[in-house]
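Okay, so here's the structure we're looking at.
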Amino acid sequence: MVKRSYYSNDIQSFLNQDNYSIFGEITTNDQFSADDLQKNAWNREIEILKRELSQFLDGHIIFEYTIPRIGNRIDNIVIYKGIIFLLEFKVGEKKYPSYAIEQVTDYAFDLSCFHQESHNRLLVPILISTKAHSVKQEIRISKDNVLETICCNEYEIAKYITEVSLKFIQDEIIPDDWINSLYMPTPTIIEAAQALYLGHNVEDISRNDASAKNLNQTTKAINKIIDYSKVHNRKSICFITGVPGAGKTLAGLNIAVERQKIAEDEHAVFLSGNGPLVDVLQEALARDDAKRNHISRKEASRNVKEFIQIIHHFRDDAISVDTPPVEKVAIFDEAQRAWDEQNLTDFMKKKKHIEDFNMSEPEFLISILNRHNDWATIICLIGGGQEINKGESAGIYGWFDSLRNNYPNWDIYVSDKITDDEYSKGHNFAEMTKNMNVNIIEDLHLAVSLRSFRSENVSNFVKALLDVDIDTAKRLYEQFNNDYPVFVTRNLHKAKLWVRSQAKGSQRYGLTASSGAKRLRKYGIWVQNKIEATNWFLNGKNDVRSSFHLEETATEFDIQGLELDWTIVCWDADLRFENGDFKHLKFVGTKWQNIKSADNILYLKNAYRVLLTRARQGFVIFVPSGDETDTTAKPEYYDGIYRYLKSVGIKELE
C-alpha cells in the first residue's frame with residue numbers, strides 16, 4: 001500500500017529523532033527518486049522545523065503529504081491545537097513569488113473541498129521563503145474555513161503558528177484520522193487527464209462517496225465487455241450515457257488508459273469531434289509531460305496524440321483505404337453529435353471532393369472498426385441535450401439506425417436509462433433495437449453531475465429552468481444556492497468583480513455567451529471574435545488571452561466538455577422569454593429573425609444548457625438592460641429574461 005506521506009510523527013518524537021534517520025525515512029518512501037536539489041531541500045526543512053517547533057509540546061508533523069487529484073505533494077503539514085497548517089517551502093528564495101502563493105492556496109482549498117477530515121476545520125496556508133524579509137500582514141479568513149495565505153521567512157514559522165492558534169480556538173484533531181481521511185475529489189477534465197496520463201487510477205481522482213456514481217464500476221463493466229469480445233471474436237458497441245458533468249469524458253479517458261496498460265496491441269484511442277477539448281487536453285498533457293520528463297514539447301506532443309485524437313482526422317485517414325485501422329478499441333466522445341448522412345455527404349463532396357459518399361458519420365465510423373476480421377469494440381460517450389450544431393439532431397438514433405440496417409451482428413450494450421427522451425429524442429427504443437442483440441447494463445449510465453461538486457442538483461436545475469418548470473427550478477435553487485451560488489445582474493462590471501472576488505488561488509473564471517449572442521458586442525462581449533482555446537483555458541493571469549482577463553468570450557462551441565470554477569453567463573436576446581415561454585431567434589444582417597426549424601430551436605436551447613452547466617463552483621448571469629435607442633437591443637427583449645430568472649428565485653447580485 002502506498003503511503004499518503006513520506007514521513008509522519010508527533011512533534012516531540014520528531015524533535016528527538018536524529019536528522020539522518022528522518023531523512024532516510026523520507027527518501028525511502030519517495031516513489032519518484034528525488035534529485036539532489038529536492039534532497040537538499042528536505043535536509044534544510046528538517047533543520048528549520050526542528051528549530052522552529054522546539055517550543056511546542058504537542059502536535060503532529062507530516063512531510064510530503066500527497067494530493068492525488070492534482071498529483072502534487074504538500075511539503076509539510078503541522079497539526080497543532082486543532083488547526084491544520086500547510087507549509088510550502090521555497091528554500092533559498094528571497095521573495096514571495098505569486099505562483100508559490102497560488103500553489104499553497106490551491107492546496108488549502110483542495111483539502112477544504114475534497115478531504116473529508118478537513119471539512120469545517122481551519123486550514124492555514126503558509127509560504128516560507130527562507131531568505132525573504134518579513135512582511136506586514138493581517139491574519140484573517142479568506143473564504144469558508146481557509147485563512148489568507150501567510151508569507152514568512154524561516155525564522156517566523158513558530159511565531160505565526162502560535163499567533164493563529166491563540167486567535168482561533170479549535171477542537172482537537174486526531175492525526176491518524178486526518179492523515180487517512182476519505183478523499184473525495186472531483187477534478188477538472190484537464191487535471192483528470194493529466195493524472196490518468198501520469199498513471200494514477202480513477203479511484204484516486206474521482207469521488208467515491210455513496211451519492212456519486214463510482215466511475216470505476218463503469219470502467220470495470222467496459223473492460224469486461226472488451227475482454228469478452230476479444231475472447232469470443234465479437235464486435236461490440238457500448239453506449240455510456242450521463243447528465244452534463246457526470247464524468248463521461250473522464251470515464252472514456254480512463255478506459256483508454258486502462259486498455260493501454262492491459263494490452264498495448266489494442267491501441268486504444270480516445271477520439272473526440274470537439275476541437276477545443278482535444279486542443280486543450282493535448283496541449284495540457286504535452287506541457288505537463290515535457291516539464292515532468294524533461295523532453296521536448298515536440299516529442300511530448302507526439303506522445304499525447306497517440307492517446308487523444310480529433311475524430312475527423314481518424315475518419316479522414318480511413319477514407320482512402322479499406323484496410324483495418326491499428327486501433328481495436330475506439331472511444332468516441334460526445335457520440336450523439338455525430339453527423340447525419342445528409343450533412344456528412346455534403347461535407348465530403350464540398351471539402352473532400354468525394355462525389356459518391358453516402359453514409360452517416362456513425363455508419364462510417366462503425367464500418368472502419370468493422371474492417372477487423374476478428375474483434376473490435378466501440379465505446380460511445382453520450383450526453384443528453386448536448387447537440388449544438390447542424391446535423392446533430394438525430395442523437396443516438398443515427399447509431400442504432402446504422403447498426404440495424406448494416407451491422408445487425410454487432411453486440412450492443414446500453415444502460416436502462418437509454419430510453420429517456422434526452423437520449424432517444426422521441427424514438428421508441430423497442431422499435432430502434434428490434435431484432436438486435438441488445439444487453440442492458442446499469443453501470444453504463446452516470447447519473448450524478450460531478451462538475452458542480454458543491455451541488456449535484458445544478459444540472460437538474462438548468463434542465464428545469466430551460467423547460468420552464470418553474471416549481472422544480474425554484475425548489476432546486478433553494479436547495480443548493482448556499483453552497484453553489486447563482487446570481488443574476490444587469491451590471492457586467494459587478495459580475496466581473498464578483499467572479500474575481502470568489503476565485504482563490506488558481507481557480508479559473510471567464511466570460512461565456514451563446515454563439516448567437518451577437519448584440520452583446522455593444523457591452524464588449526464579442527462572440528464572433530474566436531478565442532484560442534489553449535490560451536484561454538491554460539494560460540495564466542498575466543496573459544491577456546486567458547480567461548482570467550475577462551476580455552475574450554467563450555461560446556458553447558469553445559467550452560463544451562470543459563469547465564471553469566466560476567463563470568459569467570451573458571444572456572442575449574437570441575433566447576427571450578415572452579408570454580410564459582422561450583422565444584428563439586437569430587441575428588441576421590441588421591435584425592433579429594425567428595427560428596422556425598425544430599432542430600435549430602433545439603441547438604439554441606442546448607447552447608444555453610451547455611453554458612449554464614460549465615461552472616464547478618458557481619456563476620452569475622448577466623442580462624443587459626437594453627437600449628431604447630437601439631431597435632436591435634430594446635429593453636423589452638431582455639426584461640422578460642430578467643423577470644423569469646427572478647421568478648425562479650435567482651437572487652440579484654448586490
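The values are calculated or read from the model by the stated rules, or taken from the named source; none is laboratory data. Computed from a predicted model, the values in this text were never measured in an experiment. Here Cβ is always computed from backbone atoms with ideal geometry, including for glycine, and neighbour counts include all displayed protein chains. Quick note on the areas: whole protein, heavy atoms, side chains included, nothing else; ligands and nucleic acids left out. Shrake-Rupley method; radii C 1.70, N 1.55, O 1.52, S 1.80 Å.
Overview of results
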| item | result |
| --- | --- |
| Answer residue from region 224-275, given it is of a type in the set (Lys, Arg) and open to solvent by 10 Å² or more (accessible area, probe 1.4 Å) and is farthest from TYR413 (Cα to Cα) among those | LYS261 |
| Residues located in region 345-365, provided they are touching a helix residue (DSSP H, G or I) at 6+ places or on another chain (Cβ under 6 Å) and closer than 23 Å to THR241 by Cβ | SER360, GLU361, PRO362, GLU363 |
| Hits in region 57-70 - residues which are open to solvent by less than 60 Å² (accessible area, probe 1.4 Å) and either more than 37 Å from the chain's Cα centre (by Cα) or of a type in the set (A, V, I, L, M, F, W, C) (or both) | ILE61, ILE62, PHE63, ILE67, ILE70 |
| Listing of helices (runs of 4 or more DSSP H) fully contained in region 12-127 that carry 3 or more residues being over 20 Å from THR149 (Cα atoms) | 19-29, 36-52 |
| Options SER33, SER13, SER54, SER21: the member that is at positive phi and either without any contact (Cβ under 8 Å) to a residue 12 or more places away in the chain or surrounded by fewer than 15 Cβ atoms within 10 Å (Cβ to Cβ) (or both) | SER33 |
| Wholly enclosed helices (runs of 4 or more DSSP H) of region 228-322 bearing at least 2 residues of a type in the set (S, T, N, Q) | 248-262, 275-293, 297-305 |
| Candidates VAL610, VAL620, VAL648 - the one that is in contact with a strand residue (DSSP E or B) (Cβ under 8 Å, 6 or more places away or on another chain), open to solvent by less than 10 Å² (accessible area, probe 1.4 Å) and of a type in the set (A, V, I, L, M, F, W, C) | VAL620 |
| Tabulated pairs, region 164-192, first within 20 Å of ILE74 (Cα to Cα), second modelled with pLDDT under 85 and exposed (fewer than 11 other Cβ atoms within 10 Å of the Cβ), C-beta under 8 angstrom, 6+ apart or interchain | LEU182/ASP209; MET184/ASP209 |
| Out of VAL623, VAL610, VAL648, sole residue that is of a type in the set (Val, Ile, Thr), touching a helix residue (DSSP H, G or I) at 6+ places or on another chain (Cβ under 8 Å) and over 18 Å from SER459 (Cβ atoms) | VAL623 |
| Region 269-303 - residue that is without any contact (Cβ under 8 Å) to a residue 24 or more places away in the chain and in contact with a Lys or Arg (Cβ under 9 Å, 6 or more places away or on another chain) and, of those, nearest to TRP536 (Cα to Cα) | ALA286 |
| Check on LEU604, in contact with a helix residue (DSSP H, G or I) (Cβ under 6 Å, 6 or more places away or on another chain), surrounded by 21 or more Cβ atoms within 10 Å (Cβ to Cβ) and under 30 Å from ALA338 (Cβ atoms) | no |
| Candidates ASP599, ASP574, ASP558 - the one that is under 20 Å from ARG287 (Cβ atoms), in contact with a Ser or Thr (Cβ under 9 Å, 6 or more places away or on another chain), in contact (Cβ under 8 Å) with a residue 40 or more places away in the chain and not aromatic (Phe, Trp, Tyr) | ASP558 |
| Number of positions in region 595-654 that are under 15 Å from TRP571 (Cβ atoms), in contact with a Leu (Cβ under 9 Å, 6 or more places away or on another chain) and assigned to a strand (DSSP E or B) | 5 |
| Among residues of region 540-564, those that are of a type outside the set (S, T, N, Q) and assigned to a strand (DSSP E or B), counted | 2 |
| Filter result for the condition that a residue is part of a loop (DSSP other than H, G, I, E, B) and open to solvent by 20 Å² or more (accessible area, probe 1.4 Å), over ASP176, ASP171 | ASP171 |
